[in-house]
1. Go through VAL63, VAL47 for me and flag whichever is among the hydrophobic types (A, V, I, L, M, F, W, C), under 19 Å from GLY18 (Cβ atoms), touching a helix residue (DSSP H, G or I) at 6+ places or on another chain (Cβ under 7 Å) and open to solvent by less than 30 Å² (accessible area, probe 1.4 Å).
2. Residues of segment 93-124 being of a type outside the set (A, V, I, L, M), assigned to a strand (DSSP E or B) and surrounded by 15 or more Cβ atoms within 10 Å (Cβ to Cβ), which ones?
3. Would you say VAL11 is among the hydrophobic types (A, V, I, L, M, F, W, C) and in contact with a Phe, Trp or Tyr (Cβ under 6 Å, 6 or more places away or on another chain)?
4. I'm checking my understanding of the structure. Among residues of segment 2-42 that are polar (S, T, N, Q), closer than 18 Å to LYS75 by Cα and in a strand (DSSP E or B), which one is least open to solvent (accessible area, probe 1.4 Å)?
5. For segment 67-75, does any single residue satisfy the condition of being closer than 20 Å to GLN2 by Cα, of a type in the set (Lys, Arg) and in a strand (DSSP E or B)?
6. Restricting to segment 70-92, and then to whatever is among the small types (Gly, Ala, Ser) and touching a residue at least 24 places away in the same chain (Cβ under 8 Å), can you tell me which residue is surrounded by the fewest Cβ atoms within 10 Å (Cβ to Cβ)?
7. Considering LEU85, LEU80, which residue is of a type outside the set (Ser, Thr, Tyr) and either at pLDDT below 95 or part of a strand (DSSP E or B) (or both)?
Amino acid sequence: VQLQASGGGLVQAGGSLGLSCAPSGRTFSTYNMGWFRQAPGKEREFVASIDESGDTTYYRVSVQGRFTISRDNAKNTVYLQMNSLKPEDTAVYYCAATTWGWRYTRQGSKYDYWGQGTLVTVSS
């Protein structure tokens, strides 16, 4: 599975950006998907995850109410809509796919495939 993330860019604080990730392959709907991010000088951190069907989502506390993860299995695409962006959201954002069960989706080590990352910069 190859993952291609897109949609990053520069935005002012309070603005919005939408990321998308389009995995290749016909088994997209069998993967739980996640978004992670890594800010300069910091470790990679979990942002959000969504289960195979799209019915269940989970977010890190700092993005709850501002970010929305969704997926369209017919289009083989997972999305991350980011609203009310803050300078501390600045990071390279990665999408990832895992065959591990839902309870593992917050752990980056449990993901099998990673995209190349897309940079999101939020100016103050």
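The values are calculated or read from the model by the stated rules, or taken from the named source; none is laboratory data. Since the structure is predicted, the reported quantities are computational estimates derived from the model, not experimental observations. Cβ: placed from backbone, ideal geometry, glycine included. Neighbour counts: every protein chain shown. Side chains are part of the model used for accessible areas, which takes the heavy atoms of the whole protein and leaves out ligands, DNA and RNA. Shrake-Rupley method; radii C 1.70, N 1.55, O 1.52, S 1.80 Å.
1. Details: VAL63 fails: touching a helix residue (DSSP H, G or I) at 6+ places or on another chain (Cβ under 7 Å).
Of the residues listed, the single one that is among the hydrophobic types (A, V, I, L, M, F, W, C), under 19 Å from GLY18 (Cβ atoms), touching a helix residue (DSSP H, G or I) at 6+ places or on another chain (Cβ under 7 Å) and open to solvent by less than 30 Å² (accessible area, probe 1.4 Å) is VAL47.
2. Of the residues in segment 93-124, the ones of a type outside the set (A, V, I, L, M) are 93-95, 98-118, 121, 123-124.
This time we only want the ones that are assigned to a strand (DSSP E or B), so: 93-95, 98, 113-115, 118, 121, 123.
Passing the criteria: TYR93, TYR94, CYS95, THR98, TYR113, TRP114, GLY115, THR118, THR121.
3. Values: among the hydrophobic types (A, V, I, L, M, F, W, C): yes; in contact with a Phe, Trp or Tyr (Cβ under 6 Å, 6 or more places away or on another chain): no.
So VAL11 does not fit the description; no.
4. ASN32
5. Scanning segment 67-75, I find at least one residue that is closer than 20 Å to GLN2 by Cα, of a type in the set (Lys, Arg) and in a strand (DSSP E or B), so the answer is yes.
6. SER84
7. LEU80
Matching residues to (1) under 15 Å from the mean Cα position of the chain (by Cα); (2) closer than 15 Å to LEU119 by Cα:
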| position | (1), (2) |
| --- | --- |
| GLN4 | yes, yes |
| PRO23 | yes, no |
| SER29 | no, no |
| MET33 | yes, no |
| PHE36 | yes, yes |
| GLY41 | no, yes |
| ARG44 | yes, yes |
| VAL47 | yes, yes |
